Amino acid sequence: MPDGFSAGDTAFVFICAALVMLMTPGLAFFYGGMVRVKSTLNMLVMSFVSLAIVSVLWVLYGYSLSFGPDAGAGLIGNLDYLGMRGIDLNAITGTIPVTAFAAFQLMFAIITPALISGAIADRAKFTAWSLFVALWVTVVYFPVAHWVFFFDGGNGGWLGDRNGVIDFAGGTAVHINAGAAGLALALVLGKRIGFKKDPMRPHSLPLVMLGSGLLWFGWFGFNAGSALAANGVAGMAFMNTQVATAAAVLGWLAYEKIKHGAFTSLGAASGAVAGLVAITPACGSVSMLGAIAIGLIAGAVCAAAISLKYKLGFDDSLDVVGVHLVGGIIGSLLIGFFATGHVGQTASGLFYGGGVTQLGKQALGVVVVLVYSFVLSWLLGTAIQKTIGFRVSEDVEVAGIDQAEHAESAYDFTAVGASIARAVSATATVSTVTAEKTEVDA
Amino acid sequence: MKLITAVIKPHRLDEVKEALQAFGVHGLTVTEASGYGRQRGHTEVYRGAEYTVDLVPKVRIEILVDDEDAEQLIDVVVKAARTGKIGDGKVWSVPVDTAVRVRTGERGPDAL
């Protein structure tokens, strides 16, 4: 390998990439447990298909648009790496192979659209969703990743590299981006039938807990891996991730106990995700005490923010806005207060003698990504709605989207009432034999 | 003959069974049931959204008895099932025309 290559860093980044990959199935379970039995599978597959679609597009043109040489003004990458051409085995970026960097960044591109699916649970056509994922990463995620993550000594992405907006691991590029898109799609598709009237209880809180546990686990790859090296910054990011998440669980639970009188498991799981979201942009620039403060604030504020949808009347089914958009905004803005200036970045926040300069920069990043993502997502969603239709028919929604869109159901309930089940399965066996016999006779 | 039906809290089933045995009842039927009375179930909270769960788990006990034992038996069940808290349940009796022991074909009080 060429000079500067580090086997340690490379091994670390590959493992982190694999950890981040696991977050998407983790997210699928987090969301899947929160919906009703009749649409569990659809929720799982909406995340899973993002793994498939985005991986292919990433190689075709996604990596090039995000991390290809800047095409001008830090807005988008050029097409030099179309089909990953020109990237040979010895190509390195920093101390790791370009392939390791591309694999790591791919996992971010996969989970971001998957996050959006929570806003439109129970009611989106699967083809429309798949088309949306492909279009959305192309016109929203790839450019935004370039703005935020493409560094080229001041000539890179216009937000991160040229204007100094700090987003260590994707608070703006991933969470605000997905949260704003989720809000747009929730508005385009409209409310679920029975919203605010029917009980829409999570069907499996253990699945939600499992999913949030997997997210928490994978998030170490997301945040620590964003150092792109096995070094002290990665260590800080790792610890900040842990303590901020822990504090956010406590913050959410405390809010819940005061407001609703109970500590719920869904609250603990949601608090963890809110904390992870909020520390994501900040984990490379704040101290561990700062991380605890950010986590506590995010946990309590996100717990309060999830009631927004009832007050404002939009049906963001699984609180993508309340958790990801609000959590992402909190994390990004608090960098302006808590950045110490000596963790990973040199910029200091308000509490560390840096004045309001960094806070202004953070606000710029928040507003730009929020508005861009919301407007483009709304346009894409509306275009799909007006052409092939985004929402399933009323009868499909009431009966459950799993049967209509996937010809499957998540659970087999025939075992409930064993004697009836035996009778049913005996009949089924007979009919199969009869069917085979008929086939032979024919 | 009378059919006595009791809908009670599940955790009082053992006490009621023991009291009935002590009273000399030979048989009873127990079914899992769900329902609500004046207390209207309970409340669950999911991300701040409160859901009222109307139907709470109950146990339904049915006992066939001779007319002269009915009143006393109702008292036995009520005493054994009572916790004093809301949702303890109800006990009622209805007249029964006929009862048949399936194995022997005996009818009326002999079948009990």
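The values are calculated or read from the model by the stated rules, or taken from the named source; none is laboratory data. Quick caveat, the model's predicted, so the values are computed rather than measured. Glycine gets a Cβ as well: all are built from the backbone with ideal geometry, and neighbour counts include every protein chain shown. Accessible surface is based on the protein model in full, side chains and every heavy atom, while ligands, DNA and RNA are left aside. Shrake-Rupley method; radii C 1.70, N 1.55, O 1.52, S 1.80 Å.
Tell me yes or no: at least one residue of the stretch A:64-77 is of a type in the set (S, T, Y), more than 17 Å from A:V320 (Cα to Cα), assigned to a helix (DSSP H, G or I) and in contact with a helix residue (DSSP H, G or I) (Cβ under 9 Å, 6 or more places away or on another chain). Yes - at least one qualifying residue is present in the stretch A:64-77. In the condition set (1) under 30 Å from A:K259 (Cβ atoms); (2) open to solvent by less than 80 Å² (accessible area, probe 1.4 Å); (3) of a type outside the set (D, E), B:V59 is compliant with all but (1). From the list B:E44, B:E50, the lone residue that is open to solvent by 80 Å² or more (accessible area, probe 1.4 Å) and within 30 Å of A:D316 (Cβ to Cβ) is B:E50. When the stretch A:293-325 is filtered for residues that are touching a residue at least 60 places away in the same chain (Cβ under 8 Å) and among the hydroxyl-bearing types (S, T, Y), the ones remaining, listed by number, are A:Y310, A:S317.
Here A:S285 clears all of (1) open to solvent by 10 Å² or more (accessible area, probe 1.4 Å); (2) among the hydroxyl-bearing types (S, T, Y); (3) in contact (Cβ under 8 Å) with a residue 12 or more places away in the chain except the condition numbered (1).
Going by the structure shown, is A:V174 touching a residue at least 24 places away in the same chain (Cβ under 8 Å), under 26 Å from A:M288 (Cα atoms) and either within 14 Å of chain B (Cβ to nearest Cβ) or under 19 Å from the mean Cα position of the chain (by Cα) (or both)? Working first, answer last.
Values: touching a residue at least 24 places away in the same chain (Cβ under 8 Å): yes; under 26 Å from A:M288 (Cα atoms): yes; either within 14 Å of chain B (Cβ to nearest Cβ) or under 19 Å from the mean Cα position of the chain (by Cα) (or both): yes.
It is true that A:V174 is touching a residue at least 24 places away in the same chain (Cβ under 8 Å), under 26 Å from A:M288 (Cα atoms) and either within 14 Å of chain B (Cβ to nearest Cβ) or under 19 Å from the mean Cα position of the chain (by Cα) (or both).
Filtering the stretch B:2-16 to residues that are open to solvent by 50 Å² or more (accessible area, probe 1.4 Å) and either closer than 17 Å to B:L112 by Cβ or of a type in the set (A, V, I, L, M) (or both) leaves only B:K2.
Residue under question is A:S212, and the condition is that it be buried (at least 23 other Cβ atoms within 10 Å of the Cβ) and within 14 Å of chain B (Cβ to nearest Cβ); does it hold? Explain how you work it out, then say what you get.
Details: buried (at least 23 other Cβ atoms within 10 Å of the Cβ): yes; within 14 Å of chain B (Cβ to nearest Cβ): yes.
When the stated conditions are applied, A:S212 passes them.
Restrict the check to the stretch A:33-49 and report whether at least one residue is of a type in the set (S, T, Y), open to solvent by 50 Å² or more (accessible area, probe 1.4 Å) and over 14 Å from A:I110 (Cβ atoms).
Applying the first criterion (of a type in the set (S, T, Y)) to the stretch A:33-49 yields A:39-40, A:47.
Okay, now just the ones that are also open to solvent by 50 Å² or more (accessible area, probe 1.4 Å), so none.
No, the stretch A:33-49 contains no residue that is of a type in the set (S, T, Y), open to solvent by 50 Å² or more (accessible area, probe 1.4 Å) and over 14 Å from A:I110 (Cβ atoms).
Here the helices (runs of 4 or more DSSP H) wholly within the stretch A:254-330 that include at least 2 residues being in contact with a helix residue (DSSP H, G or I) (Cβ under 7 Å, 6 or more places away or on another chain) and away from chain B (no Cβ under 14 Å) are A:265-282, A:288-305. Tallying residues that are under 24 Å from A:G32 (Cβ atoms), under 18 Å from the mean Cα position of the chain (by Cα) and open to solvent by less than 10 Å² (accessible area, probe 1.4 Å) within the stretch A:125-158 yields 6.
State yes or no: is A:G194 within 14 Å of chain B (Cβ to nearest Cβ), open to solvent by less than 20 Å² (accessible area, probe 1.4 Å), outside any helix (DSSP H, G or I) and free of Cβ contacts under 8 Å to residues at least 40 places away in the same chain? Before you say what the answer is, go through the steps one by one.
Numbers: within 14 Å of chain B (Cβ to nearest Cβ): yes; open to solvent by less than 20 Å² (accessible area, probe 1.4 Å): yes; outside any helix (DSSP H, G or I): yes; free of Cβ contacts under 8 Å to residues at least 40 places away in the same chain: yes.
Judged against the criteria, A:G194 is a match.
Does any residue of the stretch B:62-71 turn out to be open to solvent by 30 Å² or more (accessible area, probe 1.4 Å), more than 14 Å from chain A (Cβ to nearest Cβ) and in contact with a Gly (Cβ under 8 Å, 6 or more places away or on another chain)? Checking the stretch B:62-71: at least one residue is open to solvent by 30 Å² or more (accessible area, probe 1.4 Å), more than 14 Å from chain A (Cβ to nearest Cβ) and in contact with a Gly (Cβ under 8 Å, 6 or more places away or on another chain).
Residues checked against (1) in contact with a strand residue (DSSP E or B) (Cβ under 7 Å, 6 or more places away or on another chain); (2) among the polar types (S, T, N, Q):
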position: A:M209; (1), (2): no, no
position: A:W216; (1), (2): no, no
position: A:A230; (1), (2): no, no
position: A:F238; (1), (2): no, no
position: A:Q242; (1), (2): no, yes
position: A:A262; (1), (2): yes, no
position: A:S270; (1), (2): no, yes
position: A:L276; (1), (2): no, no
position: A:P281; (1), (2): no, no
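The residue of the stretch B:83-100 that is least open to solvent (accessible area, probe 1.4 Å), among those that are hydrophobic (A, V, I, L, M, F, W, C) and either outside any strand (DSSP E or B) or in contact with a Cys (Cβ under 7 Å, 6 or more places away or on another chain) (or both), is B:A99. Output yes when any residue across the stretch A:7-23 is surrounded by fewer than 23 Cβ atoms within 10 Å (Cβ to Cβ) and over 26 Å from A:T241 (Cα atoms), and no when none is. There is no residue in the stretch A:7-23 that is surrounded by fewer than 23 Cβ atoms within 10 Å (Cβ to Cβ) and over 26 Å from A:T241 (Cα atoms).
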